[in-house]
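**Student:** Below you'll find the structure I mean.
The values are calculated or read from the model by the stated rules, or taken from the named source; none is laboratory data. Owing to the predicted nature of the structure, the values given are computational and were not obtained by experimental measurement. Here the Cβ positions follow ideal geometry from the backbone for every residue, glycine too, while neighbour counts run over all protein chains shown.
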Amino acid sequence: MSSILRERDCPSVAWKNGQGRTRQLAIYPADAGSDEFLWRVSVAEVDSAAPFSSFPGVDRQIALLHGAGFIMALDKQQRHALTVPFEPFAFPGEADVEVQLVDGATRDFNLMLRRGKATGRIDVLRGGSHIVERGVVLLYCAAGQCATPDGVLSAGDSWSAPRDGAELSLMSNGVALAVAIALE
């Protein structure tokens with residue numbers, strides 16, 4: 001059964017390491033904690049140069065939603081500029097990640113997948129009509145509005161468990177992030 005989740009109904013909670021805030025949009029299994037989930041989708045608020053929480057055995061994907069973004073330093077070796085909105089970047093959850101904000105606070109979209117248990121991806125949908133593909137577990141309206149068979153999503157709203165083959169309509173400036181998951 002699909003349902004719409006309004007951003008205002010998702011409470012902001014502390015990160016696992018206590019140094020940031022996040023809004024959980026979906027988790028599987030539904031009653032799983034941070035060490036038991038097979039997959040998790042959330043939106044984080046990054047207000048300072050705090051380190052990311054460590055999630056050993058978890059593959060992570062992140063996409064900038066709002067703000068100028070930040071520079072990620074992974075294990076003090078690899079650097080990645082997360083400065084272009086809606087471009088997913090993948091990295092291992094056990095990486096030591098430090099961030100340097102480019103110009104103020106940001107919000108980012110996160111997909112976490114338990115390695116060896118689940119695989120997944122974030123597909124970016126822009127303006128116009130789209131058909132929900134098999135395996136999509138959540139559709140997040142990142143900008144503008146998105147009309148679904150269950151109602152209209154505004155920026156920040158999600159549609160969980162959309163039906164395969166359902167039609168979506170995004171306004172011309174609309175952007176949606178479709179999360180597809182496969183359990184192994």
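**Student:** When you look at Ala68, is it modelled with pLDDT of 95 or more, more than 14 Å from the chain's Cα centre (by Cα) and farther than 19 Å from Gly156 by Cα, yes or no?
**Tutor:** Against the criterion (modelled with pLDDT of 95 or more, more than 14 Å from the chain's Cα centre (by Cα) and farther than 19 Å from Gly156 by Cα), Ala68 does not qualify.
**Student:** Which pairs have Cβ atoms under 6 Å, sit 6 or more apart or on different chains, and link a residue in the stretch 85-109 that is closer than 15 Å to Lys16 by Cβ to one that is among the charged types (D, E, K, R)?
**Tutor:** Once the first residue is closer than 15 Å to Lys16 by Cβ and sits in the stretch 85-109, its partners that are among the charged types (D, E, K, R) give Gly93/Arg60; Ala95/Asp75; Asp96/Asp75.
**Student:** Which residues, taken from the stretch 157-168, are within 17 Å of Arg126 (Cβ to Cβ) and out of contact with any Cys (no Cβ under 7 Å at 6 or more places or on another chain)?
**Tutor:** Result: Trp159, Glu167.
**Student:** I'm told Gln77 meets every condition in (1) without any contact (Cβ under 8 Å) to a residue 40 or more places away in the chain; (2) not assigned by TED's automatic domain parsing to the domain that holds Val41 except one. Can you identify the failing condition by its number?
**Tutor:** In the conditions (1) without any contact (Cβ under 8 Å) to a residue 40 or more places away in the chain; (2) not assigned by TED's automatic domain parsing to the domain that holds Val41, Gln77 misses (2) alone.
**Student:** Would you please name the residue that is surrounded by the fewest Cβ atoms within 10 Å (Cβ to Cβ), looking only at residues in the stretch 74-98 that are among the β-branched types (Val, Ile, Thr) and closer than 26 Å to Thr119 by Cβ?
**Tutor:** Selected residue: Val84.
**Student:** Can you give me the number of residues within the stretch 54-73 that are closer than 21 Å to Ser34 by Cα and surrounded by 15 or more Cβ atoms within 10 Å (Cβ to Cβ)?
**Tutor:** Final tally of qualifying residues: 7.
**Student:** Which count do you get for residues in the stretch 157-173 that are in a strand (DSSP E or B) and either free of Cβ contacts under 8 Å to residues at least 12 places away in the same chain or within 15 Å of the chain's Cα centre (by Cα) (or both)?
**Tutor:** The qualifying residues number 3.
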